[in-house]
There are 6 protein chains.
Amino acid sequence: MRIFVINPNSSADFSGYIRETMQKGKRPDCEITVVNPSHGPAMTENALDDLTATGNIIDLIKQANAEKYDAIILACFSDPGLDAAKELSMIPVVGFEEATLHLAAMLGHRFSILVKSSRRIPTRELHVRMLGLEQSYASSVALNVTSSDPNAIANRILEAAREAVDQHHAEVIVMGCVSLAKYAPMIEETLGVSVLDPCLVSLKVAETFVDLGLRQSKRLRYACPTK
Amino acid sequence: MRIFVINPNSSADFSGYIRETMQKGKRPDCEITVVNPSHGPAMTENALDDLTATGNIIDLIKQANAEKYDAIILACFSDPGLDAAKELSMIPVVGFEEATLHLAAMLGHRFSILVKSSRRIPTRELHVRMLGLEQSYASSVALNVTSSDPNAIANRILEAAREAVDQHHAEVIVMGCVSLAKYAPMIEETLGVSVLDPCLVSLKVAETFVDLGLRQSKRLRYACPTK
Amino acid sequence: MRIFVINPNSSADFSGYIRETMQKGKRPDCEITVVNPSHGPAMTENALDDLTATGNIIDLIKQANAEKYDAIILACFSDPGLDAAKELSMIPVVGFEEATLHLAAMLGHRFSILVKSSRRIPTRELHVRMLGLEQSYASSVALNVTSSDPNAIANRILEAAREAVDQHHAEVIVMGCVSLAKYAPMIEETLGVSVLDPCLVSLKVAETFVDLGLRQSKRLRYACPTK
Amino acid sequence: MRIFVINPNSSADFSGYIRETMQKGKRPDCEITVVNPSHGPAMTENALDDLTATGNIIDLIKQANAEKYDAIILACFSDPGLDAAKELSMIPVVGFEEATLHLAAMLGHRFSILVKSSRRIPTRELHVRMLGLEQSYASSVALNVTSSDPNAIANRILEAAREAVDQHHAEVIVMGCVSLAKYAPMIEETLGVSVLDPCLVSLKVAETFVDLGLRQSKRLRYACPTK
Amino acid sequence: MRIFVINPNSSADFSGYIRETMQKGKRPDCEITVVNPSHGPAMTENALDDLTATGNIIDLIKQANAEKYDAIILACFSDPGLDAAKELSMIPVVGFEEATLHLAAMLGHRFSILVKSSRRIPTRELHVRMLGLEQSYASSVALNVTSSDPNAIANRILEAAREAVDQHHAEVIVMGCVSLAKYAPMIEETLGVSVLDPCLVSLKVAETFVDLGLRQSKRLRYACPTK
Amino acid sequence: MRIFVINPNSSADFSGYIRETMQKGKRPDCEITVVNPSHGPAMTENALDDLTATGNIIDLIKQANAEKYDAIILACFSDPGLDAAKELSMIPVVGFEEATLHLAAMLGHRFSILVKSSRRIPTRELHVRMLGLEQSYASSVALNVTSSDPNAIANRILEAAREAVDQHHAEVIVMGCVSLAKYAPMIEETLGVSVLDPCLVSLKVAETFVDLGLRQSKRLRYACPTK
């Protein structure tokens, strides 16, 4: 199977991380193509970035369908433009946030999401509500990292995860940004909770949909645009 | 006060209707400017349209701020790009759907929304959930009009409103599309329920925010983009 | 337009504050009459006060209708007797709490309410639930002021608002008692969040309903008493 | 034990029914006093009636406490003034609706409430929400009886109960008005569901609270008025 | 009336406590039989215990029906096997947790549950959600007692209850384990909140159901197994 | 990888279906073992069956762990004993219902579940609530098949699915019983909605967990039994 991965940001670094991670995690019979738009925001840190980024993915969604890929992954934790992508596409589209939060809900009573700055906490709450997963949601914890020292960053991440586990009773930690994913094993070992990297979870959900011949229902919410 | 109204569709007809309606409904001391992008979808009928339309409003939001308007109205029932607009803008931004549904909730136990086609029902449910107004929501009823006969259209609209009132116990009807607004008086007279035209409601909410010196809180969700 | 404002408490001081505030905030074409019953509790600090106060407003509701006012404002944050008032009245009735909390929900992700004493926290939660606004509610924070020193009071109010903002992620602060409203600018300046004075918000919502010819739907919940 | 039953309506007929029913249902060691105010509405059919009725119960609550009764039952399905009564009283206060709906929730997956007219449906929904019992609530079905023929009335009641059971999957039927209670056995026999008479359920809950030395917590929501 | 009490654990000590407590709390005309299986877990401290314990209660449910008891009480706070017991039984079955939490909801704005160890907090949240009582739920507080010194245990229990009252605004405390019930009076006296012992509350609810001739509706959820 | 599949019923026919289906759907590197207890109910049609069945799975869970399988699938739509299995097991445990409903929620706005008889509707609602997926749930539709004619059965299934799609706006259909799974393609083709067979979905979710080295968090809810 061939999976088309759209990093809606223009950061080649992020695309590189995603490519490398998915190459390691994919099944032997799975072929991964990771692309990103040549322009647009390098990171999506607010609703304006999300909006700007989504404008660039429409052509990529069409390309994946035209080139007969088997599935599309929208590789950004905010799932920008996911509804439009599902409408436009006749092959399954998997969003980082949607896929990861549903699997997190199966692995523990409640999950927490680590986010880069406080301003993203309302967005996470809003998205959890849109996904209808309020009951499985413990909290979002903001890192608000100011230092550039790798040790200080790692310590802050661990501290935030510990707050989620100890104060909010989280049993599963979701890395709410691609740039945080590499710290997953550290948290897992230190705190003994399950930690999810959206990059890998989304890949597996995409493989699942292809294996089972499933895609988003085209009945109402994701019906093809008629124009 | 000066209010800048952005019709995110490219339809000059809709802009005309909005302009005319607001001119009649505005206070004497209020000045209305209605604009729309020169390109993009003529109507927003699905998530893809919403996404396409939002790309065109960023510059208009900036323009309204630069030209020192007092408030912005996003004049499309799906509120496309509302979060980004609120982030970007230092003056208050009012969305058709957000403003209308909150006022509807004050005027009766539950409201129903008339929508043009069944495929928009899930979107309405999703937006009601995003706004946190599930408790005041009765239903969305789809018109699915196929005829172009004005009488047939009026009859179908009345029938849909009656279904909302009789079957779903709606006490307030919200016109979920600019093109439906002119039928509001007919429903009000025939069924004896309150009917809301988003165009007028949003205008009054914008006037309110300007009068009171209020705008969206810039603390977290709508904090200014830092880049 | 002529708006009839009922302060359900017997405190002429509160009526004075309301009158003065509304006079400043009203539109030029709007005429305000503020009344209060001659007896009953001076402040409504518990459910018993609310109950006692409501008995006195029926005649005033009838008077406003008989004298052909355009709208009624129930000027007490607990909205005592609001459902009965809406039933009895053929002109729109606006409640302080209902109007303010709906507008607060438009201006930020979540709002907090400042209340005078801890015993009112459950009541606020109950009313938020009745209004169906749980999703936009951050918390109620009790002042429990014991000092009569104006500086100490101001400091305590600021401290409570800060708790709402920092601990509960509130982005909007609602002054849950008429006597607190004068501190709104101080909070706004110090903490950079939007602060709502129910007195002014209700006035604007009443003006809106009159402008648009809207009133509470008389279909079911607020249908006229048949006796 | 001595239980003081307040019928907040002025109808001596209703008081008679309540007295008779409770006399049959009470334990041997329980003594029942049923009273009603000499004035006020004969039935509470809308929010205005509820408001009017509550004004009359304060003195009766005080009387029950002064005369050292062991518990108070507020004998009207809308529980008018229940929060104020619980505040004012140092002995337990039981409301018809609160007690009946909680017990209904234990006896089946969902319950439905039979109400006299459609206009009361929103009120029932609001009260279910206030009690936090939405998950156990199937529906309210309105009788809207127009005939005075006893057979026609009985048939209509059965038809309404059947709608609740067959259409809304109700497993328990709650008689939402004292005047309907006598039809409980008929429904139970014909439809094979559990049917609750608030009069009897409240009596047993009151006996329970007295037996266990329990009353409403006086900590916050029902703390004694300080004035 | 004759009530059959099933302690699903094999601990004769717990059965002894239950028997003694119910003997004191029961009405004169009520006869109590307390039994427990001869094997299975001595305490139910996790889901595995619950599962193991339920296997042993089927024959006891049948026995109670065959011997024409009037009601069954399932005497363990996790209500293990309650749905199956209600299906199988033609006489009313009362569960400790279900009965206690519904009565707690009537006695204050929110209740908290004291549990023995942190690992039971998710279970309590899950059960509250199953019962549909989220709105009345403040928190579960874990004791995590490590000492065997009676004073230290009492102090820890008081500290946990105080956390519930002060931090989580609980107004009612539920003893979430039979072994904690004896500390109820201490909490009540020290903190001035209502404290519920499931053992006594369940007994009264069972007496109520027998008095009123009620049992679980046999329509859908608790319909008799057909095989 | 080696996956251990526990059919908690004693029906070798069902085990056969599961084995055959999974053999076709599994990845080449995946080895499937399907077992069932030698006694217990042949089908789980009510809570009593669920309870009886769970008693038999404990030893099988232990066996799978002892024999170093990589994951366990609990192969019955009611997920009987899932919490206990997750506690007891150090390898991931996947439940049919939990896995299927979470994936269904990603594929459309709302899903409906086809169930064999009306009596299972409350159970489905309860489980959806336990999983916290109420927002994505459209309805459960009961087949209540009485005929044994294969054509009549197929027609009834199609009719039920059509009711879910047309009346309840379901966009995804979940086959709520192993015996129904073979009708999935027929519904998919006729109605154009996505249809999920829990057997295949669970297999893929189990493969995913093994691939990613994930299992249920052992922190609180699924912590190992200490005894």
Subject >> Restricting the stretch E:185-204 to residues that are in a helix (DSSP H, G or I) and open to solvent by 10 Å² or more (accessible area, probe 1.4 Å), the residue that is farthest from the other protein chains (Cβ to nearest Cβ) >> reply: E:MET186
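Okay, residues lined up against (1) among the aliphatic types (A, V, I, L, M); (2) touching a His at 6+ places or on another chain (Cβ under 9 Å):
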| site | (1), (2) |
| --- | --- |
| F:ILE91 | yes, no |
| F:GLY95 | no, no |
| F:GLU98 | no, yes |
| F:ILE121 | yes, yes |
| F:LEU133 | yes, yes |
| F:LEU143 | yes, no |
| F:ALA154 | yes, no |
| F:GLU188 | no, no |
Original post:
Say we look at the stretch D:44-78 and pick out the residues that are β-branched (Val, Ile, Thr) and part of a loop (DSSP other than H, G, I, E, B); which of these is surrounded by the most Cβ atoms within 10 Å (Cβ to Cβ)?
Top reply: D:ILE57
Original post:
How many residues does the stretch E:129-158 hold that are within 14 Å of chain D (Cβ to nearest Cβ) and either in a loop (DSSP other than H, G, I, E, B) or in contact with a Gly (Cβ under 8 Å, 6 or more places away or on another chain) (or both)?
Top reply: 6
Subject >> Selection within the stretch E:79-98 - assigned to a helix (DSSP H, G or I) and either within 14 Å of chain C (Cβ to nearest Cβ) or open to solvent by 10 Å² or more (accessible area, probe 1.4 Å) (or both) >> reply: E:LEU82, E:ASP83, E:LEU88, E:GLU98
Original post:
Restricting the first residue to the stretch A:145-164 and requiring it to be surrounded by 13 or more Cβ atoms within 10 Å (Cβ to Cβ), which pairs with a second residue that is aromatic (Phe, Trp, Tyr) meet a Cβ separation below 7 Å and a spacing of at least six or different chains?
Top reply: A:ALA154/A:TYR183; A:ILE157/A:TYR183
Original post:
Pairs under 8 Å by beta carbon, first residue closer than 15 Å to C:GLY192 by Cα and in contact (Cβ under 8 Å) with a residue 40 or more places away in the chain in the stretch C:165-178, partner acidic (Asp, Glu) and open to solvent by less than 60 Å² (accessible area, probe 1.4 Å), six or more apart or different chains?
Top reply: C:VAL165/C:GLU171
Subject >> the stretch D:3-24 - residue that is of a type in the set (Gly, Ala, Ser), part of a helix (DSSP H, G or I) and open to solvent by 20 Å² or more (accessible area, probe 1.4 Å) and, of those, modelled with the lowest pLDDT >> reply: D:ALA12
Original post:
How many residues does the stretch D:205-227 hold that are buried (at least 23 other Cβ atoms within 10 Å of the Cβ) and small (Gly, Ala, Ser)?
Top reply: 2
**OP:** Could you tell me whether D:LEU126 is surrounded by 21 or more Cβ atoms within 10 Å (Cβ to Cβ), assigned to a helix (DSSP H, G or I) and either over 14 Å from the mean Cα position of the chain (by Cα) or within 13 Å of chain E (Cβ to nearest Cβ) (or both)?
**Re:** no
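To keep it simple, each residue is scored yes or no on (1) at pLDDT 95 or above; (2) open to solvent by less than 10 Å² (accessible area, probe 1.4 Å); (3) within 14 Å of chain E (Cβ to nearest Cβ).
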{"residue": "A:MET1", "(1), (2), (3)": "yes, no, no"}
{"residue": "A:ILE32", "(1), (2), (3)": "yes, no, no"}
{"residue": "A:SER38", "(1), (2), (3)": "no, no, no"}
{"residue": "A:THR100", "(1), (2), (3)": "yes, yes, no"}
{"residue": "A:ARG110", "(1), (2), (3)": "yes, no, yes"}
Original post:
Residues in the stretch E:168-175: is at least one at pLDDT below 95 and open to solvent by less than 30 Å² (accessible area, probe 1.4 Å)?
Top reply: no
Original post:
What is the residue count in the stretch B:112-122 for residues that are within 14 Å of chain F (Cβ to nearest Cβ) and in contact with a Cys (Cβ under 8 Å, 6 or more places away or on another chain)?
Top reply: 1
Subject >> Matching residues in the stretch E:112-123 - criterion: being among the small types (Gly, Ala, Ser) and surrounded by fewer than 24 Cβ atoms within 10 Å (Cβ to Cβ) >> reply: E:SER117, E:SER118
Original post:
How about the stretch C:40-67: which of its residues are more than 17 Å from the chain's Cα centre (by Cα), small (Gly, Ala, Ser) and modelled with pLDDT under 95?
Top reply: C:GLY40, C:GLY55
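The values are calculated or read from the model by the stated rules, or taken from the named source; none is laboratory data. The structure presented is a predicted model; accordingly, all values stated were derived computationally and were not measured. With ideal geometry, Cβ positions are generated from the backbone for all residues, glycine too; neighbour counts draw on all protein chains shown. What goes into the accessible areas is simple: the full protein's heavy atoms, side chains included, and nothing from ligands, DNA or RNA. Shrake-Rupley method; radii C 1.70, N 1.55, O 1.52, S 1.80 Å.
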